[in-house]
1. Given Cα positions, please report Rg to Rh for the chain, the hydrodynamic radius being the Kirkwood one.
2. What distance in nm separates the simple spin-label points at A389 and S355, each placed 7 Å from Cα in the Cβ direction?
3. Label-point separation (nm) for N185 and H263, each offset 7 Å from Cα along Cα-to-Cβ?
4. How tilted is helix 47-59 with respect to the longest principal axis of the chain? Cα atoms for both, answer in degrees (0 to 90, nearest 10).
5. Search the structure for amide H atoms under 5 Å from the amide H of R254, placed 1.01 Å from N in the peptide plane, and list their residues when 5 or more places away or on another chain.
6. Quick check: residue separation of C140 and S396 times 0.36 nm, minus the Cα distance between them. What number comes out in nm?
7. Charges at C-beta only: +1 for Lys and Arg, -1 for Asp and Glu. How large is the resulting dipole of the chain about its Cα centre, in Debye rounded to 20?
8. Based on the mean of other Cβ atoms within 10 Å per residue, sort peptides 403-411, 129-137, 147-155 so the most packed one is first.
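Please treat every number below as a calculation from the coordinates, not as lab data. The structure presented is a predicted model; accordingly, all values stated were derived computationally and were not measured. Every residue, glycine as well, gets a Cβ built from its backbone with ideal geometry; the counts of neighbours run over all protein chains shown.
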Amino acid sequence: MDSIPAFKIVLFLIFPFITADASTILPHKIFNVDNYGARADGSTDDSQAFLRAWNDACQWRGRSKVLIPLGNYMLNSVTFVGPCNGEMIFVIKGTLRAPTNPALFFTNTWIGFRYVDNLTLEGGGYLDGQGAAAWPHNDCSKNIGCLPLPISLRLDFITNSRIQKLRSINSKNAHINLFACNNINISHVRLSAPGNSPNTDGIHIGFSNNIKISSVNIGTGDDCISMVSGSQNIVISDVFCGPGHGISIGSLGRAFAKEYVMHINVVNTTFRNTQNGVRIKTWSPSSPSLASDINFQDIIMDNVNNPIIIDQDYCPFCSPTNKLIVTSLNNLRCFLGGESISQVQIRDVTFRNISGTSSSKVAIYLQCSRVVPCHKVKLVDIDLAYREAGGPAIASCSNVYGASYGKQVPSGCL
Ligand SMILES: *[C@@H]1O[C@H](CO)[C@@H](O)[C@H](O)[C@H]1NC(C)=O
Ligand SMILES: *[C@@H]1O[C@H](CO)[C@@H](O)[C@H](O)[C@H]1NC(C)=O
Ligand SMILES: *[C@@H]1O[C@H](CO)[C@@H](O)[C@H](O)[C@H]1NC(C)=O
Ligand SMILES: *[C@@H]1O[C@H](CO)[C@@H](O)[C@H](O)[C@H]1NC(C)=O
């Protein structure tokens with residue numbers, strides 16, 4: 001007692017609420033899932049115990065920490081919903097495992113968070129989506145009405161939050177999905193799934209603003225990072241991507257409504273053995289939309305199939321000879337025969353300081369729309385070699401306006 005000055009005791013007696021409400025100086029109150037009945041035996045469904053811990057933590061008027069200790073926790077589809085009464089820290093030290101029972105596959109979320117402000121997800125543990133059991137059930141490459149498999153970690157309407165020091169392996173669908181989020185930092189995260197696992201995007205972003213991604217290592221079967229409509233003010237740095245399909249903007253223009261992606265900055269990224277490096281793709285045909293103010297800088301390509309690519313003729317469901325699969329599902333529509341045309345405007349795009357090797361001869365492929373050509377595209381200090389002994393790499397461009405500066409290997413586009 002002698003270390004507590006008398007006036008503090010007096011204050012506490014007179015104004016007990018001062019200390020009770022000063023959440024910034026109190027340590028977090030801990031809500032350990034084991035105290036809520038979680039078994040960590042790898043087979044019992046612990047989701048209800050997690051939800052009870054979350055609900056108590058969320059209602060606590062102060063800083064709360066939901067703690068998942070070391071151990072194997074089996075979780076069915078579960079969503080942690082706010083708003084909460086204070087800052088939330090969700091510490092995953094153990095391994096969370098998803099179901100392998102096919103009856104539980106067809107839901108869009110494995111672990112979800114919704115309507116939470118000031119959330120931190122961390123702890124060094126694993127989210128194990130156990131995707132190998134589910135990937136054979138994915139027929140989305142041939143069936144556009146396919147039922148989606150669950151995304152491992154889905155953040156919807158989350159603000160001022162962080163995901164750090166976490167690992168996700170073998171997601172059934174994407175590893176992390178951000179929808180309608182604002183001010184999220186993702187760092188020191190490792191995401192992995194085999195290069196041939198279907199639709200296992202690393203981080204997929206839509207309708208979100210102020211997102212920072214740094215120091216992440218992603219190896220997966222689809223895009224390492226993809227940004228679709230409504231993504232703006234996204235800063236991505238210090239990324240290793242491979243295997244995977246690269247960092248992509250789009251696909252844009254699939255919906256009938258106008259779509260947009262703006263203010264994207266991708267710096268200091270290494271791509272190794274990926275299908276693409278930096279890519280912008282728009283559906284063809286597509287409705288009027290916009291992708292602008294995009295910077296790709298300080299990038300190393302190591303054996304990348306399409307290092308720099310703008311593809312405004314993206315329609316994987318359309319056959320090359322007969323551009324048709326008309327359907328009302330997902331508003332997808334391709335033309336029967338004839339030319340398909342994207343109406344997505346792409347402008348103010350800079351590719352700067354990009355070097356390394358291409359595994360295909362065409363290292364730069366900028367295929368813009370005939371009706372709305374790309375504007376203000378800049379190529380600055382590009383040095384890309386064709387890896388095979390088939391002569392130098394080449395650049396192939398159409399409907400692109402802009403300028404080039406510094407070293408240009410291969411040259412000839414701008
Ligand atoms: C989140 O943090 C901000 C800034 O510290 C604070 O104003 C706000 O009340 C917090 N919200 C919650 C739910 O803790
Ligand atoms: C994210 O990081 C930036 C600095 O890089 C910082 O200004 C911002 O407050 C951080 N946001 C959160 C939610 O931690
Ligand atoms: C670039 O990213 C790598 C990998 O994350 C990191 O080790 C390195 O420090 C970064 N370089 C700069 C200049 O930020
Ligand atoms: C170009 O990018 C590489 C790879 O990120 C980086 O190490 C190098 O410092 C950059 N060069 C300049 C001039 O910024």
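1. On the way: Rg = 23.9 Å, Rh = 22.9 Å.
Using only Cα positions, Rg/Rh for the chain is 1.05.
2. About 2.5 nm, to one decimal.
3. Taking the simple label geometry, N185 and H263 are separated by 1.8 nm.
4. Rounded to the nearest ten degrees, it is 70.
5. So R254 has HN proximity to W283.
6. Values: separation 256, 0.36 × 256 = 92.16 nm, distance 3.02 nm.
Contour length minus the Cα-Cα distance gives 89.1 nm.
7. On the way: 33 positive and 28 negative charges, 57 e Å.
Dipole about the Cα centre, nearest 20: 280 debye.
8. 147-155, 129-137, 403-411
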